[in-house]
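Participant: Below you will find the structure I want to go over with you.
The values are calculated or read from the model by the stated rules, or taken from the named source; none is laboratory data. Quantities reported herein were computed from a predicted structural model and do not represent experimental measurements. Here the Cβ positions follow ideal geometry from the backbone for every residue, glycine too, while neighbour counts run over all protein chains shown.
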Amino acid sequence: MALAATAYHAMAPGHAAPDLIVGHGALGRLLARIAVAAGGPVPTVWEINPDRMDGAEGYEVVRPEDDTRRDYKAIYDVSGDSSLLDSLVGRMSRGGEIVLAGFYAERLSFNFVPAFMKESRMRIAAEFNPADLAGVGDMIRGGAVSLDGLITHQSAPSDAGEAYHTAFSDAGCLKMILDWSIQ
């Protein structure tokens, strides 16, 4: 629920819905599902890892190099890849917005001139708040948004070290849970 509320928060009222989502991990899937459920334009989702290309529900997942579009108005990046800003600016329309909703371990930087020429905007989506949790909870309870397929791995607490390694090194692992009923 916390991750769903984070995706919901990124699409805060008053902001443009994503027409491009970069990254098809758990957060990208939730963001796309919420965007589709909200009834706006169906977003395109980029993914470079073949292990994460499946699982789309009402939207298409493509590799960036297979997408020729260069007029995105609202690009939501949940990839965590700090090196993408210049390429994302190159794909946006004049006056477009990039929403940074992922976690970036490296410093973010971008070439100012192309961003200036397009009058780009940048927004950082922080963590969710109680209203976001309530809003996405209503969507889930009402059946508009599904959490299916997001937890791909489970492990016993006694295997937590291996589970941690899998969760952060296996691209096929969207979300890992430690199941305390497994002994």
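Participant: Check off (1) closer than 24 Å to residue 144 by Cβ; (2) without any contact (Cβ under 8 Å) to a residue 60 or more places away in the chain; (3) assigned to a helix (DSSP H, G or I); (4) touching a Pro at 6+ places or on another chain (Cβ under 8 Å) for residue 131 and give me the number that stays unchecked.
Facilitator: Here residue 131 meets the rest and fails (4).
Participant: Right, next: On the given criteria, is residue 107 out of contact with any helix residue (DSSP H, G or I) (no Cβ under 6 Å at 6 or more places or on another chain), exposed (fewer than 12 other Cβ atoms within 10 Å of the Cβ) and either of a type in the set (Gly, Ala, Ser) or closer than 17 Å to residue 2 by Cα (or both)?
Facilitator: Against the criterion (out of contact with any helix residue (DSSP H, G or I) (no Cβ under 6 Å at 6 or more places or on another chain), exposed (fewer than 12 other Cβ atoms within 10 Å of the Cβ) and either of a type in the set (Gly, Ala, Ser) or closer than 17 Å to residue 2 by Cα (or both)), residue 107 does not qualify.
Participant: Moving on. Can you name the residue in the range 61-87 that is in a strand (DSSP E or B) and touching a strand residue (DSSP E or B) at 6+ places or on another chain (Cβ under 6 Å) and is also surrounded by the fewest Cβ atoms within 10 Å (Cβ to Cβ) among such residues?
Facilitator: Only one residue fits best here, namely 73.
Participant: Looking for something surrounded by 16 or more Cβ atoms within 10 Å (Cβ to Cβ), part of a loop (DSSP other than H, G, I, E, B) and either in contact with a strand residue (DSSP E or B) (Cβ under 7 Å, 6 or more places away or on another chain) or of a type in the set (A, V, I, L, M) (or both) - is there at least one such residue anywhere in the range 88-97?
Facilitator: no
Participant: What are the residue pairs meeting all of these: first residue in the range 1-26, first residue in contact (Cβ under 8 Å) with a residue 24 or more places away in the chain and under 27 Å from residue 66 (Cβ atoms), second residue surrounded by 23 or more Cβ atoms within 10 Å (Cβ to Cβ) and among the charged types (D, E, K, R), Cβ atoms under 6 Å, and 6 or more apart or on different chains?
Facilitator: That search, which allows pairs on different chains as well, returns 22/77; 24/47.
Participant: Just one of 76, 72 is assigned by TED's automatic domain parsing to the domain that holds residue 124, in contact (Cβ under 8 Å) with a residue 24 or more places away in the chain and touching an Asp or Glu at 6+ places or on another chain (Cβ under 6 Å); which is it?
Facilitator: It is 72.
Participant: Among all residue pairs at least 6 apart or on different chains, which show Cβ distances below 7 Å where the first residue, located in the range 113-125, is in the same structural domain as residue 95 (by TED's automatic domain parsing) and free of Cβ contacts under 8 Å to residues at least 60 places away in the same chain and the second is in a helix (DSSP H, G or I) and surrounded by 14 or more Cβ atoms within 10 Å (Cβ to Cβ)?
Facilitator: Once the first residue is in the same structural domain as residue 95 (by TED's automatic domain parsing) and free of Cβ contacts under 8 Å to residues at least 60 places away in the same chain and sits in the range 113-125, its partners that are in a helix (DSSP H, G or I) and surrounded by 14 or more Cβ atoms within 10 Å (Cβ to Cβ) give 114/89; 115/89; 118/89; 120/89.
Participant: Turning to a different aspect of this structure: Condition check: without any contact (Cβ under 8 Å) to a residue 40 or more places away in the chain and either under 20 Å from residue 7 (Cβ atoms) or over 25 Å from the mean Cα position of the chain (by Cα) (or both). Does residue 166 satisfy that?
Facilitator: no
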